[in-house]
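Please treat every number below as a calculation from the coordinates, not as lab data. Just so you know, these numbers come straight off a predicted model, no measurement behind them. Don't worry about glycine lacking a Cβ; one is built from the backbone with ideal geometry, like all the others, and counts go over all protein chains shown.
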Amino acid sequence: MAVVTYFKGDWHDGAPLVQSSMAQSFMHGSTVFDGARAFDGCVPDLDRHFSRLINSADVMGLRSPFSIQEITNLAVEGIRKFPAGSELYIRPALFAEGGFLIPDPDDVCFVMAIFEAPMPEPNGFSACLSSYRRPKPDMAPTEAKAACLYPASSLAIAEANKKGFENAIMRDGADNVVEFASSNLWLVKDGEVVTPAHNHTFLNGITRQRVISLLGEAGIEVRERNIKYSEVIAADEVFSTGNLGKVLPVTRVGDHHFQVGPVCSKAREVYFSYAACSLV
């Protein structure tokens with residue numbers, strides 16, 4: 001896998017070591033990051049991804065040494081180190097080098113890795129209900145895309161893999177289904193298109209927001225409301241939105257099987273048409 005990394009003013013081939021054993025973020029988990037995509041010469045919503053990175057830093061008490069535009073310029077510079085049209089993952093991060101229990105906001109490092117990551121084929125994936133749950137906003141920094149939130153996702157996916165599934169469906173403390181372990185969840189039932197209401201226990205995905213808007217422009221109303229697991233397994237369609245694959249169908253939840261449906265297909269159509277307008 002080809003990787004280039006920007007760190008402390010230079011581009012490096014591969015993934016150099018960037019954090020010391022005494023870094024505050026290494027010991028106390030204050031790292032924030034984001035993920036954007038490049039494919040077919042398109043770079044959809046770079047500004048939104050990098051704005052979220054800086055907002056996440058604010059939540060965690062970090063101060064970004066770069067502006068949104070400066071990060072965008074660096075991302076474009078890095079993308080151009082790969083052959084035109086490459087399918088890439090763009091992952092900037094901010095971490096505190098200084099501080100102990102509390103990060104020093106003025107001793108923050110920026111690093112950005114850009115690496116080859118083929119777009120998943122839209123063949124459908126499987127998921128099961130996880131025993132892990134998303135925390136309330138007063139239990140964890142849920143408004144940030146913070147590295148400290150991701151072990152629960154990893155554990156949920158590992159649990160699902162052991163059961164023969166590829167992903168996991170996460171609930172909040174009130175038994176509402178809120179998302180997949182690594183992407184946002186959607187369902188369709190009797191013509192109603194639904195995605196869980198953003199109750200601040202999970203990340204309000206940038207692709208999620210974009211697809212809600214694009215479907216609305218296409219005349220398809222999206223309802224954001226609480227969802228129970230019983231509704232997921234009774235749905236006509238289930239699909240996901242997220243940065244890795246953008247819009248992907250779900251073909252099995254537990255023992256229930258689904259076909260790739262017209263709303264998922266339409267969501268993919270309008271999203272990739274939109275993305276084609278965001279050229280490097």
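The C-alpha atoms of the stretch 88-222 occupy a region whose extents along the principal axes are 54, 33, 30 Å, arranged from largest to smallest. Annotation: peptides 255-262, 103-110, ranked by per-residue average of other Cβ atoms within 10 Å with the highest first, follow the order 103-110, 255-262. With the highest mean first, a sort of the peptides 233-240, 176-183 on other beta-carbon atoms found within 10 angstrom per residue produces 176-183, 233-240. Compactness of the stretch 209-280 is given as radius of gyration and Dmax, 13.2, 43 Å, from Cα positions.
I want the local charge near Asn176. Using Cβ-Cβ distances under 11 Å, sum +1 for each Lys or Arg and -1 for each Asp or Glu among the other residues. Working shown, then result.
Numbers: positive: Arg133, Arg134, Arg171, Arg225, Lys228; negative: Asp172, Asp175, Glu179, Glu231.
Summing Lys and Arg as +1 and Asp and Glu as -1 gives +1.
Labels on offer are (1) 17.1, 49; (2) 19.9, 59; (3) 18.9, 55, and the one holding Rg and Dmax of the Cα atoms in Å computed from this structure is (3). Along the axis of the charge dipole computed for the stretch 1-84 (Cβ charges of +1 for Lys and Arg, -1 for Asp and Glu, origin at the Cα centre), the listed residues Ala75, Pro44, Gly29 are led at the positive end by Gly29. A convex hull fitted around the alpha carbon atoms of the stretch 3-116 yields 84 Å³ per residue.
What does the charge dipole of the stretch 74-231 about its Cα centre add up to, to the nearest 20 debye, if the Cβ of each Lys and Arg holds +1 and the Cβ of each Asp and Glu holds -1?
It works out to roughly 360 debye.
Can you give the local net charge around Phe272? Use residues other than it whose beta-carbon is closer than 15 angstrom to its beta-carbon, Lys and Arg +1, Asp and Glu -1. Overall, the nearby charge balance is -1. Note on the chain: helix-only mean residue ellipticity at 222 nm, from DSSP H runs of 4+ residues weighted -39500 (n - 2.57) and normalised by residue number, equals -8000 deg cm²/dmol.
By other beta-carbon atoms within 10 Å, ranking Asp13, Asp45 with the fewest at the front produces Asp13, Asp45. State which entries of Lys81/Lys163; Lys81/Lys145; Lys162/Lys266 exceed 31 angstrom in Cα-Cα distance in the structure shown. Violating the 31 Å Cα-Cα cut-off are Lys81/Lys163; Lys162/Lys266.
Within the stretch 197-280, the trypsin sites (Lys or Arg not before Pro) that combine a DSSP coil assignment with at most 14 other C-beta atoms in a 10 angstrom radius are Lys228.
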